[in-house]
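A.B. asks: Could you have a look at this structure, given as structure tokens, before my questions?
Bear in mind these aren't lab numbers, they're just calculated from the coordinates by the rules spelled out. Keep in mind it's a predicted model, so treat the numbers as computed, not measured. Positions of Cβ are backbone-derived with ideal geometry, glycine not excepted, and every protein chain shown enters the neighbour counts.
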Amino acid sequence: MASIEQKAQCVVWFHETKSRINVQRAFRCCYGCNPLDTKSIKRWYEKFKETGSVTDLPDLQPNDCPRRAKFAIEILNRIDVENDYLNRICFSDESIFHVSGMVNRHNVRIWGSENPHVSAHLQRDSPKVNVWCGLMHNKVIGPFFFTEKSITANVYLDLLRLFIAPQFDEFQPWTMFQHDGSRRHWGSLVRDFLDETFPDRWIGRDGPTPWPPRSPDITPLDFFLLGLHQGQSLCHTNY
């Protein structure tokens, strides 16, 4: 099965050459393994044109748009009252970093008058680590690394209590804390802790300020910081 990065690279190749056969050849040369069938290449390209992604994104629900609009209006109203309101928010999220750096493989290009017949070896099931990071208007909180392979509500609560919350001691009661509505963020013990630590000052699922579901484009962690960190970390990867 092709990785997300390989699918994205196939979309780029197909856009450039308009030939699924050429994409298969480039795939074999770049990754050193047999490509998938031409139907898959075409399907990924059509999915990207339609959705802007090669991954299977969660379908939007009928109430998603009204919730996003309500959230945006509420934040704008608060900014009208308090100009630096956004400066108080710490946006946060988790991401997976592959130790091998394989996610950066599709950025490699070789230009020359002759085919160098270079192949890049893809490491399957490469080691990875879960990372939490927070972002405020003038500082980055963390990153903090999870030793556990999977992040449960209890694991997330321990990180909040032992490492994340102490970072805000000097800013209380000024800071607001944001996280999305994933299952690990929604545990009752997690919400109780946030109610105690950030009373009426946290944004999330069933929080004082509800976070609209399926809205990664609203948080700068998803559309900026985590991708930047991944790119920088890959610059120091030894192959």
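A.B. asks: Hey, which lysines would be in cross-link range of LYS7, C-alpha to C-alpha under 16 Å, not counting anything within fewer than 8 residues on its own chain?
C.D. replies: LYS18, LYS39, LYS42, LYS47, LYS49
A.B. asks: Around GLY142, with a cut-off of 12 angstrom between Cβ atoms, what is the net charge of the other residues, counting Lys and Arg +1 and Asp and Glu -1? Display every interim value, and only then the final one.
C.D. replies: Details: positive: LYS139; negative: ASP93, GLU94.
Counting the neighbours of GLY142, the net charge comes to -1.
A.B. asks: Turning to a different aspect of this structure: Between ARG78 and ARG25, with labels modelled 7 Å along Cα→Cβ, what's the label distance in nm to one decimal, could you check?
C.D. replies: Result for the modelled spin labels: 5.6 nm.
A.B. asks: Suppose the chain between THR147 and TRP174 were pulled fully straight at 0.36 nm per residue; how much longer would it get relative to their current alpha carbon spacing?
C.D. replies: Working: separation 27, 0.36 × 27 = 9.72 nm, distance 3.06 nm.
Value of the extension gain: 6.7 nm.
A.B. asks: Another question, if that's okay. So how much slack lies between GLU16 and ARG43, counting 0.36 nm per residue of separation and subtracting their Cα-Cα distance, in nm? Don't skip to the answer; put the middle values down first.
C.D. replies: Details: separation 27, 0.36 × 27 = 9.72 nm, distance 1.61 nm.
Difference between extended and current length: 8.1 nm.
A.B. asks: Between GLN167 and GLU50, what is the FRET efficiency for a Förster distance of 45 Å, r being their Cβ-Cβ separation, to the nearest 0.05? Spell out each step's value before the answer.
C.D. replies: Details: r = 41 Å, r/R0 = 0.91.
With a Förster radius of 45 Å, E is 0.65.
A.B. asks: Please compute the modelled spin-label separation between ASN154 and ASN87, points set 7 Å along Cα→Cβ, answer in nm with one decimal.
C.D. replies: 4.2
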